[in-house]
1. Restricting to the range 55-75, give me the number of residues that are within 8 Å of the ligand (Cβ to nearest atom) and surrounded by 23 or more Cβ atoms within 10 Å (Cβ to Cβ).
2. So, in the range 189-222, of the ones that are in contact with a Pro (Cβ under 7 Å, 6 or more places away or on another chain) and outside any strand (DSSP E or B), which residue ends up least open to solvent (accessible area, probe 1.4 Å)?
3. Evaluate the following for LEU272: is it open to solvent by 20 Å² or more (accessible area, probe 1.4 Å) and either closer than 30 Å to PRO2 by Cα or not assigned by TED's automatic domain parsing to the domain that holds LYS98 (or both)?
4. Considering only the range 122-162, state which residues are within 15 Å of the ligand (Cβ to nearest atom), assigned to a helix (DSSP H, G or I) and either in contact with a Cys (Cβ under 6 Å, 6 or more places away or on another chain) or among the hydrophobic types (A, V, I, L, M, F, W, C) (or both).
5. For the range 16-52, give me the residue count where each residue is open to solvent by 50 Å² or more (accessible area, probe 1.4 Å), among the charged types (D, E, K, R), free of Cβ contacts under 8 Å to residues at least 40 places away in the same chain and touching a helix residue (DSSP H, G or I) at 6+ places or on another chain (Cβ under 9 Å).
6. Inside the range 250-279, can you point out the residues that are small (Gly, Ala, Ser) and modelled with pLDDT under 95?
7. Assuming GLY278 fulfils every condition listed in (1) open to solvent by less than 50 Å² (accessible area, probe 1.4 Å); (2) more than 30 Å from ILE183 (Cα to Cα) apart from one, which condition is it?
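The values are calculated or read from the model by the stated rules, or taken from the named source; none is laboratory data. A quick note: this is a predicted structure, and the numbers were derived from the prediction, not measured. Glycine also receives a Cβ, built like all others from the backbone with ideal geometry; neighbour counts cover every protein chain displayed. To get the accessible areas, we keep the full protein, side chains included, count just its heavy atoms, and leave off ligands, DNA and RNA. Shrake-Rupley method; radii C 1.70, N 1.55, O 1.52, S 1.80 Å.
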Amino acid sequence: MPDQYRVGIIGCGSIANLHMMGYHGVDRVNVIAISDPVAEALRDFGERHQIEKRYTDAREMLDQEKLDIVSVCTWHKLHAPMTIAACARKPKAVLCEKPMATTLGECDEMMIVARRNGVKLAIAHQRRFNPAWTDARSLIAAGAIGQPKHVMASGGQGLLNDCSHLLDMMRYVLSNPTAQWVIGNVERKTDRYERDIRIEDRSAGIIQFDNGTVGMLLQELGPGRQGGTIYGEDGIIDVDERRVRLLSSKTGRWEERPSQGEDASVGQARELVDWIEGKAEHRGEASNGRAAVEIIMAIYESARLHEVVQMPVRTRCSPLDVMVERGDLPVERPGRYDIRAFLLRGEAMTPEGQ
Ligand SMILES: NC(=O)c1ccc[n+]([C@@H]2O[C@H](COP(=O)([O-])OP(=O)(O)OC[C@H]3O[C@@H](n4cnc5c(N)ncnc54)[C@H](O)[C@@H]3O)[C@@H](O)[C@H]2O)c1
């Protein structure tokens, strides 16, 4: 066990600050190097967090620094290539941002490379460490609402962004059931992108989990919130990132339970070290990140094939891309736009620049 864990961060944008905060909250963990091709982003982040070793090329950082932990904080498209590049240098662990990747093929490659290089790979669905979500999970496991029958959530910004968190929330609060089948549909009348990934305007999915619970996900169709509602045989739990509300035959009324506990980013970083040291499995272990992506791909595949998709999904690319490229979803209001264009800082962030 090293005295200090040496951490490197790839991508110095907004979420990297949360990774920084997480590592800062754990003893014996030091962020010693960062990389970003945008000079301004590298300088600002380096100065803000007082990190001397700054690289414009992530692979050079991985080659030069003997890193124990690598955080991948780039846009979704680079999650797979950067995770694979990091794993090839055999750190102890990689913490990659969500969504795990943009296709199931990429998810599988990431998991294979991690396994073959002996690297522990976790995906940063950090809300698994949110005290309210964990409270909801414990209540459900203890039978507070009886057998969970339905779980509902609604978000926006495309399925891969917000909704990957929400699908992960559904599985987390239900103690990680497996999806058995999915039916869904998408609407795409504008040429909509999110962080340079093609997304739909609106979508919905229904998911049958193997514990008997049925999930319902709405994307740009309901009140977007980072939470959900779980209906059981004997009660209801409503959860968001700040609190849990419980109504059951025992409470007889809505009971509000304030969320108290460690910051989710710190919990996520702490459990990574515990995982490395063999003390605990990480609750963001990669198969959970993959499960959220698989449900998303199943919603797209259901829209493409007009059928109930039985899991596992066998299509390895994005069925949304297939539909768009084959002309199955013609845009009625032409003109590409990216709902996260405000994040752009320089041409190095365009796909060609990466
Ligand atoms: N877990 C969460 O709750 C949460 C919240 C926000 C964002 N995210 C995820 O974090 C990721 C990044 O989002 P963001 O909002 O921080 O974006 P951002 O644009 O603020 O930051 C991304 C950074 O990556 C840099 N970059 C681009 N190419 C690079 C390369 N080849 N090597 C190194 N760095 C490179 C960019 O210059 C930029 O500074 C996304 O995948 C997003 O889904 C997760």
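1. 3
2. First, the residues of the range 189-222 that are in contact with a Pro (Cβ under 7 Å, 6 or more places away or on another chain): 191, 196, 209-211, 213.
Add one more test, that the residue is outside any strand (DSSP E or B), and what stays is 196, 210-211, 213.
Numbers: ASP196: 15, ASP210: 86, ASN211: 52, THR213: 0 Å².
Among residues in the range 189-222 that are in contact with a Pro (Cβ under 7 Å, 6 or more places away or on another chain) and outside any strand (DSSP E or B), the one least open to solvent (accessible area, probe 1.4 Å) is THR213.
3. Values: open to solvent by 20 Å² or more (accessible area, probe 1.4 Å): no; either closer than 30 Å to PRO2 by Cα or not assigned by TED's automatic domain parsing to the domain that holds LYS98 (or both): yes.
For LEU272, the condition - open to solvent by 20 Å² or more (accessible area, probe 1.4 Å) and either closer than 30 Å to PRO2 by Cα or not assigned by TED's automatic domain parsing to the domain that holds LYS98 (or both) - is not met.
4. If the condition is that a residue be within 15 Å of the ligand (Cβ to nearest atom), assigned to a helix (DSSP H, G or I) and either in contact with a Cys (Cβ under 6 Å, 6 or more places away or on another chain) or among the hydrophobic types (A, V, I, L, M, F, W, C) (or both), then PHE129, ALA132, TRP133 are the ones that fit.
5. Quick first cut of the range 16-52, residues open to solvent by 50 Å² or more (accessible area, probe 1.4 Å) only: 18, 21, 24, 27-28, 30, 37, 39-40, 43, 47-50, 52.
Cutting the leftovers down to among the charged types (D, E, K, R) gives us 27-28, 40, 43, 47-48, 52.
Retained after the next criterion (residues that are free of Cβ contacts under 8 Å to residues at least 40 places away in the same chain): 27, 43, 47-48, 52.
Filter again for touching a helix residue (DSSP H, G or I) at 6+ places or on another chain (Cβ under 9 Å), leaving 27, 48, 52.
Selection size over the range 16-52: 3.
6. Within the range 250-279, the subset small (Gly, Ala, Ser) is 252, 259, 261, 264-265, 267, 269, 278.
Hits for the range 250-279 are SER259, GLY261.
7. (1)
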